[in-house]
Amino acid sequence: MENSQKVNDFILQKLKGVDEEIKKGSGGITLNLAGNNHSMPVERLTNEDFLILSKILEKNPYINGLDVRYNLISDAGLYYAAKLLQKQHSLIYLNLMFNDIGPKGGELIAKALLKNTTLKYLRMTGNKVENKGGMCFAAMLQINSSLEKLDLGDTDLGMQSVIAFATVLTQNQTIKAINLNRPILYGEQEESTVHLGHMLKENHSLITLHMSKHNVKNSGLKQLCDALYLNRSLRYLDVSWLSIVSNNIQGEGLVALSESMKTNPTLSNIYIWGNNFDEATCVAYSNLIEMGRLRPDDTDVQPYEVDGRVYLSEVSNGLKRHYYWTPTYGEAFSHSSNAGFSLVPVGQQL
């Protein structure tokens, strides 16, 4: 009424549900306003809706999670999100994935996290914050010491920002999980992979690393393998969709990665589908699974045999079943094979 704004019935309905939970004595509530997983069409949130929502949440100590994925929030709405992070000291989870947020919105949220000390999990997936926004997030991680999980997959990061993340994570020991999938990289150089390999030698807190579609080749993968011989914290590595182009060394990098698992006792989840598997690769990963070093639920390939030769087929563990949506009822099955970030819990169902 103060803003002369039409009531969004979707928000109203959800807030009534929160009121009922509060009356029951529930705390640590995640307010789910996702626009993509409802049996009936919903009125998706706009920037104006997010303004009203942020005002409501400012003084609500019962809600510690906010999921507004797949809505119509743009950079203007991120201004209100930044204000919310400055004033609300109970929020530990914020999911903004697949809205209409660009570099300016990324800068706003990153700057808000320079002073915020409560948020632990931020998902920006699918918002095109680009290299400029990525650099702001990397700069934020030099100061912020509370954020534990950061998802920047499919945000059009550039080479400069990927290298910046690799550099800052040699010092930041708070981040436990990071998604840097599908950056926009040009040329044949593997500079970003070299820096990420160096980071893994220095970092002893990162548990989950997503670097799918980084155009990693055998030489870059060997850099990662060298790091894994020294690293004792990483449990989940996603290097799916590598580019292996040399017929003379085809699969050599993947075999080296399998060998590193034999000496690294911590690494438990590995995802490699989308590469060119030669016979040596198929045998190597079949052996890892057969000897129990790699659990079938913790990878995206499974071996099978035809005419005495071993092959690898794809299984759905690497497809992140509940990464883009969450079930409206029941429990998500097999946390470790859904998204990787679930290996690093920061709160109930987070």
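For the range 67-83, how many residues are in contact with a strand residue (DSSP E or B) (Cβ under 8 Å, 6 or more places away or on another chain), surrounded by 22 or more Cβ atoms within 10 Å (Cβ to Cβ) and among the polar types (S, T, N, Q)? Adding up the residues that qualify gives 0. Of all residues in the range 167-187, those satisfying the criterion of being assigned to a loop (DSSP other than H, G, I, E, B), hydrophobic (A, V, I, L, M, F, W, C) and under 24 Å from Ala82 (Cβ atoms) are Leu169, Ile175, Leu180.
Residue by residue through the range 283-331, note down the ones that are basic (Lys, Arg) and at pLDDT below 90.
Scanning the range 283-331 gives Lys320, Arg321.
In the set (1) over 18 Å from Thr281 (Cα atoms); (2) open to solvent by less than 10 Å² (accessible area, probe 1.4 Å); (3) at pLDDT below 90, Met211 fails one condition alone, (3). Being free of Cβ contacts under 8 Å to residues at least 60 places away in the same chain, among the small types (Gly, Ala, Ser) and open to solvent by 10 Å² or more (accessible area, probe 1.4 Å) is true of Ser146. Scanning the range 84-118 for residues that are of a type in the set (Gly, Ala, Ser) and open to solvent by less than 30 Å² (accessible area, probe 1.4 Å) returns Gly102, Gly105, Gly106, Ala110, Ala112.
In the list His204, His198, which residue meets the criterion of being open to solvent by 60 Å² or more (accessible area, probe 1.4 Å) and either closer than 18 Å to Asp238 by Cβ or not in a helix (DSSP H, G or I) (or both)? I'd like the intermediate steps shown before the answer.
Values: His198 fails: either closer than 18 Å to Asp238 by Cβ or not in a helix (DSSP H, G or I) (or both).
Residue meeting the stated conditions: His204.
Residue-by-condition table, conditions (1) on the phi < 0 side of the Ramachandran plot; (2) open to solvent by less than 10 Å² (accessible area, probe 1.4 Å); (3) β-branched (Val, Ile, Thr); (4) touching a residue at least 60 places away in the same chain (Cβ under 8 Å):
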| residue | (1), (2), (3), (4) |
| --- | --- |
| Gln142 | yes, no, no, no |
| Asp151 | yes, yes, no, yes |
| Leu157 | yes, yes, no, no |
| Ala164 | yes, no, no, no |
| Ala177 | yes, yes, no, yes |
| Ile184 | yes, no, yes, no |
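If you filter the range 234-253 down to residues that are open to solvent by less than 20 Å² (accessible area, probe 1.4 Å) and within 20 Å of Asn179 (Cβ to Cβ), you find that the one that is modelled with the highest pLDDT is Leu234.
Scanning the range 269-316 for residues that are in contact (Cβ under 8 Å) with a residue 40 or more places away in the chain and either under 23 Å from Leu206 (Cα atoms) or β-branched (Val, Ile, Thr) (or both) yields Asn269, Tyr271, Trp273, Asp297, Asp300.
The values are calculated or read from the model by the stated rules, or taken from the named source; none is laboratory data. A quick note: this is a predicted structure, and the numbers were derived from the prediction, not measured. Cβ: placed from backbone, ideal geometry, glycine included. Neighbour counts: every protein chain shown. SASA here: full protein model, heavy atoms, side chains in, ligands and nucleic acids out. Shrake-Rupley method; radii C 1.70, N 1.55, O 1.52, S 1.80 Å.
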